[in-house]
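Trainee: My questions all concern the structure below.
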Amino acid sequence: GLLQMQLILHYDETYREVKYGNMGLPDIDSKMLMGINVTPIAALLYTPVLIRFFGTKWMMFLAVGIYALFVSTNYWERYYTLVPSAVALGMAIVPLWASMGNYITRMAQKYYEYSHYKERDEQGPQQRPPRGSHAPYLLVFQTIFYSFFHLSFACAQLPMIYFLNHYLYDLNHTLYNVQSCGTDSQGILLGFNKTVLRTLPRSGNLIVVESVLMAVAFLAMLLVLGLCGAAYRPTEEIDLRSVGWGNIFQLPFKHVRDFRLRHLVPFFIYSGFEVLFACTGLGLGYGVCSVGLERLAYLLVAYSLGASASSILGLLGLWLPRQVPLVGGAGVHLLLTLGLFFWAPAPRVLRHIWILYVAAVLWGVGSALNKTGLSTLLGILYEDKERQDFIFTIYHWWQAVAIFVVYLGSSLPMKAKLAVLLLTLVAATASYLWMEQKLRRGVVPRQPRIPRPQHKVRGYRYLEENSDESDAEGVHGGSSGGGLGDCVEEEAPPAGPRPGPEPAGLCRRPCPYKQALGGDGPE
């Protein structure tokens, strides 16, 4: 919402000349958009390392903090504030969404464990839950999350509705030189008037709006800090980091061996295409081009409310095969794309505005089914907690690649954009159904092996009997004391018989690696 308001203000040449003179705002805006769209391409190299280094919760907190930094730079709009903050924002996009997807999946798994605690207690502490048992909880969690997330598009339009719309010219002025819209248009709003503001907003009013957005950003940081618990136990966090940073760096690339991910890549790409098309293609090329800039906010609100309400349709996966929501959303988008391919609304004509609202709502329905279905499918296919951050990193990195492609092709004709969207959608649906067919035939996916955690004894010295000994004495004592180098958590044996087999040597409790695999061990 802030970026939308900022770009509209900077587009008006009177606003630029009066407030900023010859500072070169169009050049700054182009570099800022380049920073947001190009920087995520490198995210595959650092996202898993950052998530494992900071932890899932703290990565979310840090990324939301970078969003708050981007909002704060709009108090002083200069090249050295806007462009670096846009680059930082681009770097935070994939880590935020990868950690968010990982976090929601882990919360669904933990909620299953809590709600079935007595059953697991009867089975024994070392028993893992049956595969797929957390799937209904994951589906409900993702549905709730995306119902709220899609409302953010409506909330993003509040500055436009309550502030900026009062300063805009009507469509007869802004669209005076626009000749073609919809499928006949080329680029983004060719012929749009260079002046869109009737009067310039006062600086004090702009500061009030930005302060409200800044308060929302701080509130988001406090919500993550105060309401989000840890995604993993401390021993699990240690084990996730202890596989080696080189292995953490390589594992996203090694997961390409898995045919399930390869078949889902076209859907990942389409998922990035369709969100940007809703905002730029449908919102600008069909909406603003024909009914004016002052109605852009209401079109995006219709898209937002349609997507938020339709996220509940993802619950159909509780009773129907998991292919139905995902393929159903693709079918809705396919019909809409074919319809838009042959529709060119006339500029400055309002009688067809109801068609735009219906198209926006239906596009939101398809987006909701797409996002909910993909995130739930990944959580079901990859239940192992040591793989989930890699999988969601790959998913959102391909989305970032798709957004980068849209950024590069923004000047293409609308027919070319619709053709690319249509071909990607058909390829994604066919590839996904082929993957499901392979799984039904029993084809076993090839997953890379996760290395065993290599713990350093030095990190657990305070748990040993003699923690004041030197490093050399510790190594000597460990080699002669029954293998304390491999398992240094030593406890005094409790009185009475111990349940289960007695651990070998001086170690009375399992190592953190074994604790993370199955319970805390015998007490």
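Trainee: Between residue 412 and residue 351, what length comes free when the chain is fully extended (0.36 nm per residue of separation minus the Cα-Cα distance, one decimal in nm)?
Mentor: That works out to 19.2 nm of additional length.
Trainee: For the pair residue 420/residue 18, report the inter-label distance in nm, with labels modelled 7 Å from Cα in the Cβ direction.
Mentor: Placing both labels 7 Å beyond Cα along the Cβ direction yields 3.7 nm.
Trainee: Related question: With each pseudo-label sitting 7 Å past Cα toward Cβ, what's the residue 152-residue 7 distance in nm, one decimal?
Mentor: 1.7
Trainee: Over region 11-155, what portion of Cα pair distances is larger than 21 Å, expressed as a whole percent?
Mentor: 61
Trainee: Once the Cβ-Cβ distance between residue 76 and residue 427 is put in as r, and R0 is 41 Å, what FRET efficiency do you end up with, to the nearest 0.05? Mind showing how you got there, number by number?
Mentor: Numbers: r = 46 Å, r/R0 = 1.11.
E(calc), rounded to 0.05, equals 0.35.
Trainee: On a C-alpha basis, how far is the centre of region 34-82 from the centre of region 240-284 in Å? Whole number, if you could?
Mentor: Taking the Cα centre of each part, region 34-82 and region 240-284 sit 18 Å apart.
Trainee: Placing +1 at every Lys and Arg Cβ and -1 at every Asp and Glu Cβ, with all other atoms neutral, what dipole size does region 174-249 have around its Cα centre, in debye to the nearest 20?
Mentor: 400
Trainee: Sort 23, 214 from largest to smallest accessible area, using a 1.4 Å probe on the heavy atoms of the protein chains. Could the numbers behind the result be given before it?
Mentor: Values: 23 60, 214 20 Å².
Result, largest first: 23, 214.
Trainee: Could you give the length gained by full extension between residue 203 and residue 172, i.e. 0.36 nm per residue of separation minus their alpha carbon distance, to one decimal place? Don't skip to the end; give the middle numbers.
Mentor: Working: separation 31, 0.36 × 31 = 11.16 nm, distance 2.74 nm.
Here the answer is 8.4 nm.
Trainee: Would you check the accessible area of residue 358, probe 1.4 Å, heavy atoms only, in square angstrom rounded to 10?
Mentor: 70
Trainee: Another question about this same structure. Pull out the extension gain between residue 220 and residue 384, defined as 0.36 nm times the separation in residues minus the alpha carbon to alpha carbon distance; nm, one decimal.
Mentor: Here the segment from residue 220 to residue 384 would lengthen by 56.1 nm.
Trainee: Can you work out ³J(HN,Hα) from phi for every residue in region 425-435, in order, using Karplus 6.51 cos²θ - 1.76 cosθ + 1.60 and θ = phi - 60°, giving whole Hz and x for Gly and Pro?
Mentor: So the Karplus estimates, Gly and Pro as x, are 5, 5, 5, 5, 5, 5, 5, 5, 5, 5, 4 Hz.
Trainee: Here's something else I'd like to know. Put one equal scatterer on each alpha carbon of region 336-392, apply the Debye formula with no solvent term, and list log10 I(q)/I(0) at q = 0.16, 0.17, 0.30 1/Å to two decimals.
Mentor: -0.65, -0.68, -1.16
Trainee: Turning to a different aspect of this structure: Quick one: if the Förster radius is 45 Å, what FRET efficiency do residue 438 and residue 184 give, using the C-beta to C-beta distance and rounding to 0.05? Before the final figure, lay out the partial values.
Mentor: Working: r = 42 Å, r/R0 = 0.94.
Step by step, r from the Cβ atoms, then E = 0.60.
Trainee: Hey, if we sort 27, 384 by accessible area with the 1.4 Å probe, largest down, what's the order?
Mentor: 27, 384
Trainee: Here's something else I'd like to know. Please arrange 93, 312 by accessible surface area, largest first, computed with a 1.4 Å probe and ligands excluded.
Mentor: Output order, biggest surface exposure first: 312, 93.
Trainee: Let me ask something else. When the Kirkwood radius is taken over all Cα pairs of region 149-201, what Stokes-Einstein diffusion coefficient follows at 20 °C and 1.002 mPa s, in µm²/s?
Mentor: Reported coefficient: 164 µm²/s.
Trainee: Would you please give the residues with an amide H less than 5 Å from that of residue 197, counting only those at least 5 places away or on a separate chain, with H modeled from the backbone geometry?
Mentor: 169
Trainee: Rg/Rh for region 307-346: what does it come to with C-alpha atoms and Rh from Kirkwood?
Mentor: Expressed as Rg/Rh, it is 1.15.
Trainee: Roughly how many nanometres apart are two label points built 7 Å out from the Cα toward the Cβ at residue 358 and residue 257?
Mentor: With each label placed 7 Å out from Cα toward Cβ, I get 5.2 nm.
Trainee: Filter 110/254; 254/438; 19/417 down to the pairs with a C-alpha to C-alpha distance above 32 Å, please.
Mentor: The pairs that break the limit, which is 32 Å between Cα atoms, are 19/417.
Trainee: Using r as the Cβ-Cβ distance of residue 41 and residue 341, and R0 as 22 Å, what FRET efficiency do you calculate, to the nearest 0.05?
Mentor: E between residue 41 and residue 341, to the nearest 0.05, is 0.15.
Trainee: Considering only the other residues whose Cβ falls under 12 Å of the Cβ of residue 281, what net charge follows from Lys and Arg at +1 and Asp and Glu at -1?
Mentor: Net of charged neighbours comes to +1.
The values are calculated or read from the model by the stated rules, or taken from the named source; none is laboratory data. Bear in mind that the values here come from a model prediction, so they are computed numbers and not experimental data. All Cβ positions, glycine included, derive from the backbone under ideal geometry; neighbour counts span all protein chains shown. The area values use the complete protein model at the heavy-atom level, side chains included, leaving out ligands, DNA and RNA. Shrake-Rupley method; radii C 1.70, N 1.55, O 1.52, S 1.80 Å.
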